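Undergrad: Before we start, here is the structure in question, set down as C-alpha coordinates.
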Amino acid sequence: MFNFAIVSINGLRPVRDAVGGAEFRIKQKNQAMTGIILTLLIPFLGTALGSAFVFFMKDEMPSGVQKALLGFASGVMVAASIWSLLIPSMDMSASMGKFMVVPAAIGLLAGMGFLLLIDMLTPHLHLGDSHPEGPKAHLSKVAMLSLAVTIHNFPEGMAVGVVVAGALQGGEWISAAGAMAMALGIAIQNIPEGAIISMPMKAAGGSRLKSFAMGTLSGAVEPLGAVMVILLASVMQPILPYLLAFAAGAMMYVVIEELIPEASAGKHSNWSTIGFAIGFVLMMVLDVVLA
(Lines give C-alpha, C1' and ligand atoms only; values in the text may rest on other atoms or scores of the structure.)
Protein backbone atom coordinates (compact mmCIF):
# COMPACT_ATOMS: atom_id res chain seq x y z
CA MET A 1 0.00 0.00 0.00
CA PHE A 2 2.82 2.37 0.92
CA ASN A 3 4.70 1.51 -2.28
CA PHE A 4 1.54 2.11 -4.29
CA ALA A 5 1.20 5.56 -2.74
CA ILE A 6 4.79 6.42 -3.64
CA VAL A 7 4.25 5.27 -7.21
CA SER A 8 1.05 7.32 -7.42
CA ILE A 9 2.76 10.46 -6.15
CA ASN A 10 5.67 9.96 -8.52
CA GLY A 11 3.23 9.44 -11.34
CA LEU A 12 1.50 12.74 -10.60
CA ARG A 13 4.77 14.70 -10.50
CA PRO A 14 5.05 15.17 -14.29
CA VAL A 15 1.46 16.43 -14.32
CA ARG A 16 2.23 18.86 -11.51
CA ASP A 17 5.38 20.05 -13.28
CA ALA A 18 3.47 20.52 -16.52
CA VAL A 19 0.78 22.58 -14.76
CA GLY A 20 3.44 24.68 -13.02
CA GLY A 21 5.26 25.23 -16.32
CA ALA A 22 2.05 26.29 -18.03
CA GLU A 23 1.31 28.76 -15.23
CA PHE A 24 4.83 30.16 -15.52
CA ARG A 25 4.46 30.60 -19.27
CA ILE A 26 1.10 32.35 -18.81
CA LYS A 27 2.67 34.66 -16.24
CA GLN A 28 5.55 35.44 -18.61
CA LYS A 29 3.10 36.12 -21.44
CA ASN A 30 1.05 38.48 -19.25
CA GLN A 31 4.19 40.33 -18.17
CA ALA A 32 5.30 40.69 -21.79
CA MET A 33 1.88 42.01 -22.81
CA THR A 34 1.94 44.51 -19.95
CA GLY A 35 5.40 45.66 -21.06
CA ILE A 36 4.22 46.12 -24.65
CA ILE A 37 1.17 48.15 -23.61
CA LEU A 38 3.30 50.34 -21.32
CA THR A 39 5.87 50.92 -24.07
CA LEU A 40 3.17 51.96 -26.53
CA LEU A 41 1.48 54.32 -24.06
CA ILE A 42 4.59 56.11 -22.78
CA PRO A 43 4.84 58.52 -25.77
CA PHE A 44 1.13 59.32 -25.49
CA LEU A 45 1.54 60.15 -21.80
CA GLY A 46 4.38 62.51 -22.72
CA THR A 47 2.06 64.39 -25.08
CA ALA A 48 -0.66 64.60 -22.42
CA LEU A 49 1.80 65.92 -19.85
CA GLY A 50 3.09 68.58 -22.23
CA SER A 51 -0.43 69.60 -23.25
CA ALA A 52 -1.23 70.21 -19.56
CA PHE A 53 1.23 73.13 -19.60
CA VAL A 54 -1.61 75.20 -21.06
CA PHE A 55 -3.10 75.38 -17.55
CA PHE A 56 0.06 76.84 -15.99
CA MET A 57 1.72 79.02 -18.64
CA LYS A 58 0.79 82.23 -20.44
CA ASP A 59 -1.12 82.20 -23.71
CA GLU A 60 2.02 82.60 -25.82
CA MET A 61 5.29 80.77 -25.38
CA PRO A 62 8.45 82.94 -25.62
CA SER A 63 9.98 82.68 -29.10
CA GLY A 64 13.38 81.55 -27.83
CA VAL A 65 11.86 78.76 -25.73
CA GLN A 66 9.73 77.55 -28.64
CA LYS A 67 12.73 77.50 -30.98
CA ALA A 68 14.78 75.55 -28.44
CA LEU A 69 11.99 73.00 -27.95
CA LEU A 70 11.48 72.58 -31.70
CA GLY A 71 15.21 72.05 -32.10
CA PHE A 72 15.17 69.54 -29.25
CA ALA A 73 12.34 67.57 -30.86
CA SER A 74 14.22 67.60 -34.18
CA GLY A 75 17.38 66.28 -32.54
CA VAL A 76 15.54 63.43 -30.82
CA MET A 77 13.76 62.40 -34.03
CA VAL A 78 16.91 62.49 -36.19
CA ALA A 79 18.91 60.48 -33.62
CA ALA A 80 16.08 57.96 -33.25
CA SER A 81 15.87 57.61 -37.03
CA ILE A 82 19.59 56.83 -37.27
CA TRP A 83 20.39 54.82 -34.15
CA SER A 84 17.11 53.01 -33.56
CA LEU A 85 15.79 52.53 -37.09
CA LEU A 86 18.25 52.87 -40.00
CA ILE A 87 21.22 51.11 -38.39
CA PRO A 88 19.10 48.13 -37.20
CA SER A 89 17.50 48.00 -40.65
CA MET A 90 20.92 47.55 -42.27
CA ASP A 91 22.09 45.13 -39.55
CA MET A 92 19.07 42.92 -40.20
CA SER A 93 19.97 42.87 -43.91
CA ALA A 94 23.65 41.99 -43.35
CA SER A 95 23.19 38.70 -45.23
CA MET A 96 22.79 40.77 -48.42
CA GLY A 97 26.43 41.86 -48.22
CA LYS A 98 27.18 45.23 -49.75
CA PHE A 99 23.52 45.47 -50.81
CA MET A 100 22.33 45.52 -47.19
CA VAL A 101 21.71 49.25 -47.63
CA VAL A 102 18.98 48.60 -50.23
CA PRO A 103 16.07 47.87 -47.80
CA ALA A 104 17.06 50.92 -45.74
CA ALA A 105 17.21 53.16 -48.81
CA ILE A 106 13.90 51.91 -50.24
CA GLY A 107 12.13 52.13 -46.88
CA LEU A 108 13.47 55.65 -46.19
CA LEU A 109 12.28 57.00 -49.55
CA ALA A 110 8.91 55.22 -49.21
CA GLY A 111 8.38 56.73 -45.74
CA MET A 112 9.14 60.24 -46.93
CA GLY A 113 6.94 59.76 -49.99
CA PHE A 114 4.06 58.48 -47.85
CA LEU A 115 4.16 61.52 -45.54
CA LEU A 116 4.43 63.82 -48.57
CA LEU A 117 1.25 62.26 -49.97
CA ILE A 118 -0.58 62.57 -46.64
CA ASP A 119 0.60 66.18 -46.40
CA MET A 120 -0.82 66.95 -49.85
CA LEU A 121 -4.18 65.24 -49.24
CA THR A 122 -4.93 66.53 -45.73
CA PRO A 123 -6.03 70.11 -44.99
CA HIS A 124 -3.84 71.41 -42.17
CA LEU A 125 -2.22 74.51 -40.75
CA HIS A 126 1.33 74.74 -39.43
CA LEU A 127 2.19 76.63 -36.26
CA GLY A 128 2.80 80.32 -36.89
CA ASP A 129 1.35 80.13 -40.41
CA SER A 130 -1.86 81.81 -41.56
CA HIS A 131 -2.21 79.96 -44.89
CA PRO A 132 -3.58 76.38 -44.72
CA GLU A 133 -2.03 73.63 -46.82
CA GLY A 134 -3.71 70.78 -48.66
CA PRO A 135 -7.22 70.71 -50.14
CA LYS A 136 -9.58 73.55 -49.27
CA ALA A 137 -11.82 72.72 -46.33
CA HIS A 138 -14.22 74.63 -44.11
CA LEU A 139 -12.43 73.81 -40.88
CA SER A 140 -11.55 76.00 -37.92
CA LYS A 141 -7.99 77.10 -37.30
CA VAL A 142 -7.81 74.89 -34.20
CA ALA A 143 -9.02 71.85 -36.19
CA MET A 144 -6.42 72.37 -38.92
CA LEU A 145 -3.66 72.82 -36.32
CA SER A 146 -4.79 69.50 -34.82
CA LEU A 147 -4.59 67.78 -38.21
CA ALA A 148 -1.07 69.10 -38.74
CA VAL A 149 -0.03 67.68 -35.37
CA THR A 150 -1.70 64.35 -36.13
CA ILE A 151 0.35 64.07 -39.33
CA HIS A 152 3.41 64.80 -37.20
CA ASN A 153 2.64 62.26 -34.46
CA PHE A 154 1.74 59.30 -36.67
CA PRO A 155 5.35 58.57 -37.75
CA GLU A 156 6.47 58.65 -34.11
CA GLY A 157 3.92 55.96 -33.28
CA MET A 158 5.09 53.94 -36.26
CA ALA A 159 8.68 54.22 -35.06
CA VAL A 160 7.85 52.91 -31.59
CA GLY A 161 5.69 50.13 -33.04
CA VAL A 162 8.28 48.87 -35.50
CA VAL A 163 10.98 48.78 -32.82
CA VAL A 164 8.63 46.84 -30.52
CA ALA A 165 7.91 44.46 -33.43
CA GLY A 166 11.64 43.93 -33.88
CA ALA A 167 12.11 43.20 -30.18
CA LEU A 168 9.19 40.71 -30.22
CA GLN A 169 10.89 38.73 -32.97
CA GLY A 170 13.74 38.05 -30.56
CA GLY A 171 16.59 38.91 -32.91
CA GLU A 172 19.95 40.28 -31.87
CA TRP A 173 19.38 43.60 -33.63
CA ILE A 174 16.68 45.11 -31.39
CA SER A 175 16.18 44.38 -27.68
CA ALA A 176 13.26 45.07 -25.36
CA ALA A 177 15.43 47.71 -23.69
CA GLY A 178 16.00 49.28 -27.11
CA ALA A 179 12.25 49.50 -27.65
CA MET A 180 11.85 51.12 -24.23
CA ALA A 181 14.65 53.59 -25.07
CA MET A 182 12.80 54.60 -28.24
CA ALA A 183 9.54 55.04 -26.32
CA LEU A 184 11.23 57.13 -23.62
CA GLY A 185 13.01 59.29 -26.18
CA ILE A 186 9.80 60.00 -28.08
CA ALA A 187 7.96 60.67 -24.80
CA ILE A 188 10.60 63.16 -23.65
CA GLN A 189 10.37 65.14 -26.88
CA ASN A 190 6.56 64.88 -26.75
CA ILE A 191 6.46 66.84 -23.48
CA PRO A 192 7.65 70.16 -24.93
CA GLU A 193 5.88 69.28 -28.16
CA GLY A 194 2.58 68.94 -26.30
CA ALA A 195 3.06 72.44 -24.87
CA ILE A 196 3.93 73.82 -28.30
CA ILE A 197 0.67 72.33 -29.60
CA SER A 198 -1.80 73.25 -26.86
CA MET A 199 -0.66 76.82 -26.23
CA PRO A 200 -1.08 78.09 -29.83
CA MET A 201 -4.52 76.44 -29.83
CA LYS A 202 -5.37 78.50 -26.76
CA ALA A 203 -4.01 81.62 -28.48
CA ALA A 204 -6.11 80.76 -31.57
CA GLY A 205 -9.30 81.08 -29.52
CA GLY A 206 -9.78 77.73 -27.81
CA SER A 207 -10.41 77.36 -24.09
CA ARG A 208 -7.68 75.92 -21.86
CA LEU A 209 -9.62 72.68 -21.42
CA LYS A 210 -10.33 72.32 -25.14
CA SER A 211 -6.72 73.13 -26.02
CA PHE A 212 -5.52 70.49 -23.54
CA ALA A 213 -7.98 67.93 -24.91
CA MET A 214 -7.03 68.60 -28.54
CA GLY A 215 -3.33 68.48 -27.73
CA THR A 216 -3.73 65.22 -25.84
CA LEU A 217 -5.93 63.60 -28.49
CA SER A 218 -3.35 64.48 -31.16
CA GLY A 219 -1.05 62.04 -29.38
CA ALA A 220 -3.63 59.24 -29.45
CA VAL A 221 -2.64 58.50 -33.04
CA GLU A 222 0.79 57.33 -31.79
CA PRO A 223 -0.33 54.07 -30.08
CA LEU A 224 -2.74 53.45 -32.96
CA GLY A 225 0.08 53.77 -35.49
CA ALA A 226 2.28 51.55 -33.34
CA VAL A 227 -0.32 48.77 -33.12
CA MET A 228 -0.89 48.92 -36.89
CA VAL A 229 2.82 48.46 -37.59
CA ILE A 230 3.16 45.64 -35.03
CA LEU A 231 0.30 43.73 -36.65
CA LEU A 232 1.72 44.29 -40.12
CA ALA A 233 5.19 43.13 -39.06
CA SER A 234 3.81 40.01 -37.39
CA VAL A 235 2.13 38.98 -40.65
CA MET A 236 4.98 40.01 -42.96
CA GLN A 237 8.17 39.41 -40.98
CA PRO A 238 10.59 39.66 -43.95
CA ILE A 239 9.64 43.31 -44.52
CA LEU A 240 10.72 44.44 -41.03
CA PRO A 241 13.97 46.07 -42.31
CA TYR A 242 11.86 48.06 -44.78
CA LEU A 243 9.38 49.05 -42.04
CA LEU A 244 12.20 50.28 -39.80
CA ALA A 245 13.53 52.51 -42.58
CA PHE A 246 9.99 53.54 -43.55
CA ALA A 247 9.41 54.90 -40.03
CA ALA A 248 12.77 56.68 -40.20
CA GLY A 249 11.84 58.31 -43.51
CA ALA A 250 8.49 59.45 -42.14
CA MET A 251 10.14 61.05 -39.11
CA MET A 252 12.82 62.68 -41.24
CA TYR A 253 10.08 64.19 -43.41
CA VAL A 254 8.44 65.76 -40.35
CA VAL A 255 11.78 67.22 -39.23
CA ILE A 256 12.59 68.69 -42.65
CA GLU A 257 9.09 69.82 -43.61
CA GLU A 258 7.81 71.09 -40.28
CA LEU A 259 10.16 71.31 -37.30
CA ILE A 260 13.27 72.91 -38.83
CA PRO A 261 11.35 75.59 -40.81
CA GLU A 262 9.34 76.50 -37.71
CA ALA A 263 12.49 76.60 -35.56
CA SER A 264 14.20 78.85 -38.13
CA ALA A 265 11.31 81.26 -38.70
CA GLY A 266 11.51 84.89 -37.60
CA LYS A 267 14.54 86.49 -36.02
CA HIS A 268 17.72 84.42 -36.12
CA SER A 269 18.48 82.53 -32.93
CA ASN A 270 20.96 79.87 -31.83
CA TRP A 271 18.49 78.28 -29.40
CA SER A 272 17.15 75.84 -31.99
CA THR A 273 20.69 74.63 -32.74
CA ILE A 274 21.43 74.18 -29.04
CA GLY A 275 18.12 72.35 -28.57
CA PHE A 276 18.88 70.07 -31.53
CA ALA A 277 22.30 69.14 -30.12
CA ILE A 278 20.86 68.32 -26.69
CA GLY A 279 18.01 66.28 -28.16
CA PHE A 280 20.29 64.32 -30.49
CA VAL A 281 22.79 63.47 -27.76
CA LEU A 282 20.04 62.52 -25.30
CA MET A 283 18.40 60.09 -27.73
CA MET A 284 21.76 58.66 -28.77
CA VAL A 285 22.71 58.02 -25.14
CA LEU A 286 19.31 56.46 -24.37
CA ASP A 287 19.57 54.12 -27.34
CA VAL A 288 23.17 53.03 -26.77
CA VAL A 289 23.07 52.75 -22.97
CA LEU A 290 19.64 51.12 -22.58
CA ALA A 291 19.80 48.97 -25.70
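Undergrad: Applying the selection to segment 265-291, what residues are charged (D, E, K, R), open to solvent by less than 70 Å² (accessible area, probe 1.4 Å) and more than 16 Å from Gly75 (Cα to Cα)?
TA: Of everything in segment 265-291, nothing turns out to be charged (D, E, K, R), open to solvent by less than 70 Å² (accessible area, probe 1.4 Å) and more than 16 Å from Gly75 (Cα to Cα).
Undergrad: OK, next. Condition test on Met77, is it of a type outside the set (S, T, N, Q) and within 26 Å of Ala148 (Cα to Cα)?
TA: Yes: the conditions hold for Met77.
Undergrad: If you take the residues of segment 85-99 that are in contact with a helix residue (DSSP H, G or I) (Cβ under 8 Å, 6 or more places away or on another chain) and free of Cβ contacts under 8 Å to residues at least 12 places away in the same chain, which of them is most open to solvent (accessible area, probe 1.4 Å)?
TA: Filtering first and then ranking leaves Met96.
Undergrad: Right, next: Answer yes if at least one residue in segment 34-49 is closer than 22 Å to Pro200 by Cα, open to solvent by 70 Å² or more (accessible area, probe 1.4 Å) and either in contact (Cβ under 8 Å) with a residue 60 or more places away in the chain or of a type in the set (A, V, I, L, M) (or both), and no otherwise.
TA: Looking through segment 34-49, at least one residue is closer than 22 Å to Pro200 by Cα, open to solvent by 70 Å² or more (accessible area, probe 1.4 Å) and either in contact (Cβ under 8 Å) with a residue 60 or more places away in the chain or of a type in the set (A, V, I, L, M) (or both).
Undergrad: Which one is surrounded by the fewest Cβ atoms within 10 Å (Cβ to Cβ), of the residues in segment 170-210 that are polar (S, T, N, Q) and modelled with pLDDT under 85?
TA: Ser207
Undergrad: Next up: Does Glu262 satisfy being farther than 22 Å from Leu109 by Cα, in contact (Cβ under 8 Å) with a residue 40 or more places away in the chain and of a type in the set (Asp, Glu)?
TA: So Glu262 fits the description; yes.
Undergrad: Continuing with the same structure: Kindly indicate whether any position in segment 69-84 is free of Cβ contacts under 8 Å to residues at least 24 places away in the same chain and more than 30 Å from Phe212 (Cβ to Cβ).
TA: Checked segment 69-84: no residue is free of Cβ contacts under 8 Å to residues at least 24 places away in the same chain and more than 30 Å from Phe212 (Cβ to Cβ).
Undergrad: I need a count of the residues in segment 50-63 that are surrounded by 15 or more Cβ atoms within 10 Å (Cβ to Cβ) and in a helix (DSSP H, G or I).
TA: Residues that pass the stated criteria total 5.
Matching residues to (1) assigned to a helix (DSSP H, G or I); (2) more than 17 Å from the chain's Cα centre (by Cα); (3) at pLDDT 90 or above:
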{"residue": "Pro88", "(1), (2), (3)": "yes, no, yes"}
{"residue": "Asp91", "(1), (2), (3)": "yes, yes, yes"}
{"residue": "Met96", "(1), (2), (3)": "yes, yes, yes"}
{"residue": "Leu108", "(1), (2), (3)": "yes, no, yes"}
{"residue": "Met112", "(1), (2), (3)": "yes, no, yes"}
{"residue": "Gly128", "(1), (2), (3)": "no, yes, no"}
{"residue": "Lys136", "(1), (2), (3)": "no, yes, no"}
{"residue": "Met144", "(1), (2), (3)": "yes, yes, no"}
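Results for (1) within 20 Å of the chain's Cα centre (by Cα); (2) over 17 Å from Lys67 (Cβ atoms); (3) assigned to a loop (DSSP other than H, G, I, E, B), shown as yes or no for each residue.
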position	(1), (2), (3)
Pro238	no, yes, no
Ala250	yes, yes, no
Ile256	yes, no, no
Pro261	no, no, no
Ser272	no, no, no
Gly275	yes, no, no
Gly279	yes, no, no
Met284	yes, yes, no
Asp287	yes, yes, no
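Undergrad: Please verify whether Ala22 is modelled with pLDDT of 90 or more and out of contact with any Lys or Arg (no Cβ under 6 Å at 6 or more places or on another chain), treating the condition exactly as stated.
TA: no
The values are calculated or read from the model by the stated rules, or taken from the named source; none is laboratory data. These figures come from a predicted structure and were not determined experimentally. Glycine gets a Cβ as well: all are built from the backbone with ideal geometry, and neighbour counts include every protein chain shown. Keep in mind that these areas ignore ligands, DNA and RNA; they rest on the heavy atoms of the full protein, side chains included. Shrake-Rupley method; radii C 1.70, N 1.55, O 1.52, S 1.80 Å.
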